[in-house]
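**Q** Structure incoming, see below.
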Amino acid sequence: MSVSQVLIVGGGFGGLQAARALSSAAVRVTLLDRRNHHLFQPLLYQVATAALNPSDIAVALRRVLRKQENCRVVLGEATSIDKERKLLYLRDGAALAFDFLIVATGATHSYFGHDEWEKDAPGLKTIEDALEIRRRVLLAYEAAEREDDPARRQELLTFVVVGAGPTGVEMAGALAEIARHVLTRDFRRIDPASARVTLIEAGPRVLASYVPKLSEAAAARLRQMGVEVRLGEAVSAIDKSGVTLQSGERIAAHCVLWAAGVAASPLARTLDVPLDRAGRVLVEPDLSVPGAPDLFVIGDLASVKAPDGKLVPGVAQGAIQGGDHAAACIRRTFARPRARPLPVQGQRVTCHHRPRGGGGRDRPAAHRGILRLAALAGGAPDYTHQLPQQAARARAVGLGLPALSARRPIDYRSN
Ligand SMILES: Cc1cc2nc3c(=O)[nH]c(=O)nc-3n(C[C@H](O)[C@H](O)[C@H](O)COP(=O)(O)OP(=O)(O)OC[C@H]3O[C@@H](n4cnc5c(N)ncnc54)[C@H](O)[C@@H]3O)c2cc1C
């Protein structure tokens with residue numbers, strides 16, 4: 001009997017975890033990614049603001065998996081899935097056959113139909129994005145140092161972040177910190193502390209996915225750090241010299257950053273199954289694709305509800321647990337007959353997340369306390385304890401899935 005082929009598309013948090021969780025399974029695993037590295041996205045903003053280097057938060061996928069003998073890593077970009085013929089097509093025309101497929105290609109930026117804004121307001125998703133943002137921020141200070149016209153100098157020293165979710169809040173906090181603490185003594189003609197950092201949010205509060213009290217605390221802390229927090233104001237235009245708000249107000253800014261919207265990976269559309277408004281696959285409770293029990297979609301690409309009826313947020317822990325669960329479903333396929341009884345009510349997968357206590361040498365900068373506080377109190381995943389060196393070994397911290405059973409709905413609650 002030939003060995004079953006498990007194809008995993010995407011070596012992010014979800015895909016990498018799935019590959020590792022299959023290390024002892026009697027299957028052949030292929031991990032395909034269009035990049036050769038796993039990226040610890042939660043620390044991207046530190047690269048964007050020059051606090052960390054790319055190598056601190058990226059690690060070669062083949063290095064991570066080099067000891068896993070049943071797994072090979074393939075560099076390539078998936079473009080479509082033929083779920084009937086069980087084939088995955090790549091951009092270069094190649095096709096990979098599979099018995100089981102785990103799709104973990106994550107999400108990308110959404111400019112809400114204004115893709116033309118991207119060149120003037122880059123988002124933060126990849127190392128390339130982070131380096132481009134770093135370049136724009138640092139060059140703005142350099143250009144301001146040489147500028148004689150006060151109005152133009154102010155424009156160069158104005159930084160606008162659009163969107164006050166976790167990424168926007170982190171970016172705005174980091175930009176304020178650079179201006180007020182990091183660069184203060186490095187320039188002769190300008191005072192970096194005079195830089196204006198504006199965070200614009202269309203909704204009524206920052207960190208909308210947290211409880212209101214924590215949003216208020218985060219906004220207050222940002223203001224204390226010198227960030228101008230503008231709530232309930234939508235952006236109507238972005239160009240290379242600034243942003244226009246729906247109210248008609250114009251903010252002249254050389255550097256505008258986008259942190260407002262995400263859209264699911266386009267690969268989902270080729271599955272030809274129902275998607276939610278963000279383009280995520282409406283998966284079955286066991287994360288399989290409706291009508292295709294050997295295909296799984298996990299992480300940011302999956303639209304899945306937790307037992308409390310709320311949508312599982314697009315966070316690393318959800319992806320990691322999804323990877324574990326899909327791998328467990330596949331493992332169980334070989335351990336027991338496929339036809340399994342329905343899950344017993346109340347027996348759910350429970351995942352434990354033990355945040356590391358105490359401070360390390362690379363303790364995150366002060367503003368990260370905002371997110372840490374929000375994460376701990378709100379029950380949301382907290383990755384701020386992850387140190388750069390540990391990013392290379394990015395994986396679940398203390399995640400245990402003891403009672404995992406195939407075809408059982410996943411429980412994403414973090415205890
Ligand atoms: C700036 C930022 C900060 C964040 N901060 C936090 C945080 O503090 N805490 C937290 O829990 N979460 C955070 N997140 C969210 C978290 O990173 C995501 O939820 C998580 O990465 C999702 O994992 P995933 O495996 O679904 O996708 P990803 O980790 O995005 O991985 C997708 C992988 O698929 C690959 N890929 C995509 N398309 C293709 C294709 N067509 N063919 C081949 N390969 C492909 C990509 O190269 C990538 O390696 C943050 C995200 C960002 C962008």
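**Q** Working only within segment 220-240, note down all residues that are within 13 Å of VAL256 (Cα to Cα) and not β-branched (Val, Ile, Thr). Walk me through it before giving the result.
**A** Within segment 220-240, the first condition is being within 13 Å of VAL256 (Cα to Cα), and the residues that meet it are 235, 237-240.
Answer for segment 220-240, where residues must be within 13 Å of VAL256 (Cα to Cα) and not β-branched (Val, Ile, Thr): ALA237, ASP239, LYS240.
**Q** Among the residues of segment 276-288, write down those that are outside any loop (DSSP other than H, G, I, E, B) and within 15 Å of the ligand (Cβ to nearest atom). Working first, answer last.
**A** To start, the set of residues in segment 276-288 that are outside any loop (DSSP other than H, G, I, E, B) comprises 281-282, 288.
Across segment 276-288, the qualifying residue is only VAL281.
**Q** Let me ask something else. Give the residues of segment 275-292 that are over 17 Å from the mean Cα position of the chain (by Cα) and farther than 15 Å from ILE81 by Cβ, sorted by residue number.
**A** ASP276, ARG277, LEU282, GLU284, PRO285, ASP286, LEU287
**Q** Could you check segment 104-222 for helices (runs of 4 or more DSSP H) lying wholly inside it with 1 or more residues that are surrounded by fewer than 23 Cβ atoms within 10 Å (Cβ to Cβ) and within 16 Å of the ligand (Cβ to nearest atom)?
**A** Working: elements: 127-146, 150-156, 166-177.
By residue number, 127-146.
**Q** Which is in contact with a strand residue (DSSP E or B) (Cβ under 7 Å, 6 or more places away or on another chain), within 16 Å of the ligand (Cβ to nearest atom) and either within 29 Å of GLU170 (Cβ to Cβ) or modelled with pLDDT under 95 (or both), of ALA260, ALA306, ALA316?
**A** On the way: ALA306 fails: in contact with a strand residue (DSSP E or B) (Cβ under 7 Å, 6 or more places away or on another chain); ALA316 fails: in contact with a strand residue (DSSP E or B) (Cβ under 7 Å, 6 or more places away or on another chain).
Every option except ALA260 fails the conditions.
**Q** Tell me which of these LEU61 doesn't satisfy, since it passes every other one: (1) out of contact with any Asp or Glu (no Cβ under 8 Å at 6 or more places or on another chain); (2) closer than 18 Å to PHE13 by Cα; (3) of a type outside the set (Val, Ile, Thr).
**A** (1)
The values are calculated or read from the model by the stated rules, or taken from the named source; none is laboratory data. The structure presented is a predicted model; accordingly, all values stated were derived computationally and were not measured. A quick note on method: Cβ atoms are made from the backbone with ideal geometry, for glycine too, and the neighbour counts reach across all protein chains shown.
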